[in-house]
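Below is one structure, written out as structure tokens, with a few remarks after it.
The values are calculated or read from the model by the stated rules, or taken from the named source; none is laboratory data. What you see is a predicted model; the values in this text were computed from it and never measured. Here the Cβ is made from the backbone with ideal geometry for all residues, glycine too, and neighbour counts use every protein chain on show.
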Amino acid sequence: MLFASVISVSLMAVPLKKNSNEKDVLAYWIDSQHMAVQVPGNVIPRSSLTFFLRDQATPAVFNVQLPVLSYNNDWVILNTSALTRAVQKELVDQALVLDVMSGTFLMNRTGIALTGLLDDLFYTDAPLGQSWSKTEVEIKIWSPTARQVTLHVYQSADSPEPVFSEPLRSNDGIWTAHLSRQFSGFYYQLEVRNFFPNLLNYVDAVITDPYSPGLSADGKRTLLIDLDDTSTKPDGWDSYRLPSPVKTIDSVIYESHIRDLTAADKGIPEKFRGKYSGLSQEHSRAVLHLKELKEAGITHLHLLPFNDFQPFRKIRLISRASPTGNGILRMKLPPRLRAFGKMTTTTGGTIRYTGSVPKAATQLTATASPARLNCAK
């Protein structure tokens, strides 16, 4: 199943709360052998009911009665073992519904939650997202429930129309596209068609790549960027060595909100207070506080929040502003940002930014070491 932030949908919107278009999903495909359906026992004798698995789009083509294995309170357990795993794999992208029948009367039609079945049928250890070579980039998306996936490529973060669009090819749930390296620095979106069991309808959702190495400022488009390319690396990135790790049993971790450390510090310029750049001020109360914590035995500093927690179009960036954190950050940068100034942090380490610019990276220079920062590439 494809997990990513849904940006927009067509046909009908996916509601947060149920409305007249949304129905309860009462059937759950537990694994390749079993399906559970909720049927209240006080309606009619459940033993008189029959259950048919159907493709809503083509009920005359696929229509299979599922035998009952057992009754458990308001739940009926159905046997799906007559359907081979190959058939089940073919079904997961169909408009599957379960019809509850009393004789020839349709008592209820429900969509089917497929999570358990997907866990049973599908597994991949293939590299997903972007894989770069000397001549091209391969994009792989894992979405076995998708009916179709279309790639839309844009020249910039805010281009109104795509440069081109193309359908992706699928093999055992993995959808693949190949692009020339000349598209480095461009953006893309994925249009994915899935059957939604709560809506009993197909929905086209426009999403970002779940494995995005970088995003546009509003979080709506994935950046095409090769993180192994020298143009994306700060000076000394490949030769940088991490600090010696502290044993877990010896770790003493201090957690703080980025804003809380400097929001009330009148000893630094007001424009820096409460921002990432507040920690770049060497003589701020926050820096002195962190030095004291190190002396007191603190080994790790956990700063939060780090990633954007709400989509937005523009970002205010102060010169020398400095988020610090663990590893590669998916920073969403303003569309026309072209360079960073040198940045200073009290914790040391190296951070790479990936966002609206192919070459968007900077080196954090340690002026003190109040906390051990484990920054992995």
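Observations
- Restricting the stretch 122-139 to residues that are part of a loop (DSSP other than H, G, I, E, B) and either surrounded by 16 or more Cβ atoms within 10 Å (Cβ to Cβ) or at pLDDT 90 or above (or both), the residue that is nearest to the chain's Cα centre (by Cα): 128
- Applying the criterion of being under 18 Å from residue 82 (Cα atoms) and either among the basic types (Lys, Arg) or assigned to a loop (DSSP other than H, G, I, E, B) (or both) to the residues of the stretch 40-65, the residue that is modelled with the highest pLDDT is 54.
- No other residue among 119, 93, 99 is in a loop (DSSP other than H, G, I, E, B) and not polar (S, T, N, Q) apart from 93.
- None of 294, 266, 314 is at pLDDT 85 or above, among the basic types (Lys, Arg) and surrounded by fewer than 17 Cβ atoms within 10 Å (Cβ to Cβ) except 266.
- In the stretch 70-80 there is at least one residue that is surrounded by 14 or more Cβ atoms within 10 Å (Cβ to Cβ) and part of a loop (DSSP other than H, G, I, E, B).
- Residue within the stretch 6-23 that is surrounded by 13 or more Cβ atoms within 10 Å (Cβ to Cβ), within 20 Å of residue 109 (Cβ to Cβ), among the β-branched types (Val, Ile, Thr) and at pLDDT below 75 present: yes
- Check on residue 233, touching a residue at least 60 places away in the same chain (Cβ under 8 Å), assigned by TED's automatic domain parsing to the domain that holds residue 186 and under 27 Å from the mean Cα position of the chain (by Cα): no
- Only residues that are within 30 Å of residue 59 (Cβ to Cβ), out of contact with any Gly (no Cβ under 8 Å at 6 or more places or on another chain) and of a type in the set (A, V, I, L, M, F, W, C) were counted across the stretch 105-140, and they come to 9.
- Filtered residues of the stretch 81-106 (kept if buried (at least 16 other Cβ atoms within 10 Å of the Cβ) and under 21 Å from residue 50 (Cβ atoms)): 83, 88, 91, 94, 95, 96, 97, 98, 99, 100, 101
- Residue within the stretch 221-228 that is at pLDDT 90 or above, of a type outside the set (Lys, Arg) and within 30 Å of residue 56 (Cα to Cα) present: no
- Boolean, residue 142 is of a type in the set (A, V, I, L, M, F, W, C), farther than 30 Å from residue 75 by Cβ, surrounded by 14 or more Cβ atoms within 10 Å (Cβ to Cβ) and modelled with pLDDT under 95: yes
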